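The numbers here are math on the coordinates, done by the rules we state, and not lab data. Computed from a prediction, not measured in an experiment: that's the story for all the values here. Methodologically, a virtual Cβ is constructed for each residue, glycine included, from the backbone with ideal geometry; neighbour enumeration extends over all protein chains shown.
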Amino acid sequence: MPRTVMPGDTITREARRAGDNVVLVGDTLVSSAVGLVSVSDDTVSVIPLSGKYMPRADDLVVGMVISHTSQAWELDINAPYVGFLLATDVFGRDFASHADELTSKLALGDLVAARVANFDRTRDPLITIDDRDLGKIDSGELVKIAPGKVSSLIGRQGSMIQAIETATDAAITIGQNGWVVVSCDSADGLLRAKRAVSAIEQGAHSQGLMDRVKSALARGGD
């Protein structure tokens, strides 16, 4: 389970680079936010427990189509930036803006499961669906949680999300940006799965979380 830190907490004195929400004080990396410690290669960052998602390359995200140009869709990915999904990523290399209508593939309000292909803070992130199990999400309800609580929803080695899906027969798509799509053939299963996700949103990183989730799953639809 990732370590929770407060502003001013020492993260490490190891020789690593300071990433998002981390500052170097002398020879010590210190947190500047309330969040979870994340280590990637030689960089240490803190993922805030509240606020907007900060894109990172290779992250799985759930995005919503909010506009389009003749060459790309613009996606809301719960970030300070708009995600751009190129038309060639969906239509293929034979895409022609004068002949292919983007709304025939993705319309306003559509949800997609995608990955952040590239992001360097100098421009809006490039989004891709060119991978297995990515693309338009045809069914389900969108539930929003804080990006910093995604790890609690997944659980250690996927234990939490597996428990929810098994108990409800729901299929749950989790974006690192905190957007979660819950799909279930049963109205009761859908309600219980959404209730469990909400329980994690309200009590992530606190004691007794699994008990609260089990309680949410045990209650029938009401």
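The mean of 1/r over all pairs of different alpha-carbon atoms in the stretch 105-222, once inverted, gives a Kirkwood hydrodynamic radius of 15.2 Å.
Taking amide H as placed 1.01 Å from N in the peptide plane, D110 has its amide H under 5 Å from the amide H of V65, each at least 5 places away in sequence or on another chain. Here R132, R195 are placed in order of increasing Cβ neighbour count within 10 Å, fewest first, which gives R132, R195.
The residue among W73, T43, P7 whose Cα reaches farthest toward the positive pole of the charge dipole of the chain, with charges on the beta-carbon of Lys, Arg, Asp and Glu, is P7.
Nothing charged except the Cβ atoms of Lys and Arg (+1) and of Asp and Glu (-1): what's the magnitude of the dipole of the stretch 141-218 about its Cα centre? Round to the nearest 20 debye.
The dipole of the stretch 141-218 has a size of about 280 debye.
If R0 equals 22 Å, the separation of the Cβ atoms of D120 and I66 corresponds to a calculated FRET efficiency of about 0.50.
With a Förster radius of 41 Å, plug the Cβ-Cβ distance of K136 and H98 into 1/(1 + (r/R0)^6) and report the FRET value to the nearest 0.05.
0.95
Given a Förster distance of 45 angstrom, what is the FRET efficiency for A163 paired with V23, based on the Cβ-Cβ distance and rounded to 0.05?
Numbers: r = 37 Å, r/R0 = 0.83.
After rounding to 0.05, the efficiency reads 0.75.
When you restrict to C-alpha pairs under 8 Å that are six or more residues apart and normalise by the size of the stretch 4-48, the relative contact order lands at 42 percent. Based on every Cα atom in the chain, Rg and the maximum pairwise Cα distance Dmax equal 19.1, 59 Å.
Distance distribution note for the stretch 47-163: the fraction of Cα pairs above 26 angstrom is 21%. Among Q157, Q71, Q176, the largest mean-square fluctuation in a Gaussian network model of the chain (Cα springs under 10 Å) belongs to Q157. The relative contact order of the chain comes to 16 percent, based on Cα pairs under 8 Å that sit 6 or more residues apart. Highest mean first, the peptides 114-123, 179-188, 93-102, 140-149 sorted by other C-beta atoms within 10 Å per residue fall in the order 140-149, 179-188, 114-123, 93-102. For the stretch 55-70, putting each phi into the Karplus relation 6.51 cos²θ - 1.76 cosθ + 1.60 with θ = phi - 60° gives couplings of x, 9, 4, 6, 5, 7, 10, 9, x, 10, 5, 10, 5, 7, 9, 7 Hz, in residue order, rounded to whole numbers and with x for Gly and Pro. Placing +1 on the Cβ of every Lys and Arg and -1 on the Cβ of every Asp and Glu, with no other charges, gives the chain a dipole of roughly 760 debye about its Cα centre. Each Lys and Arg Cβ is given +1 and each Asp and Glu Cβ -1; about its Cα centre, the stretch 85-201 then shows a dipole of about 540 debye. Cross-link pairs exceeding 22 Å between alpha carbons, from the set K52/K214; K105/K149; K144/K194: K52/K214; K105/K149.
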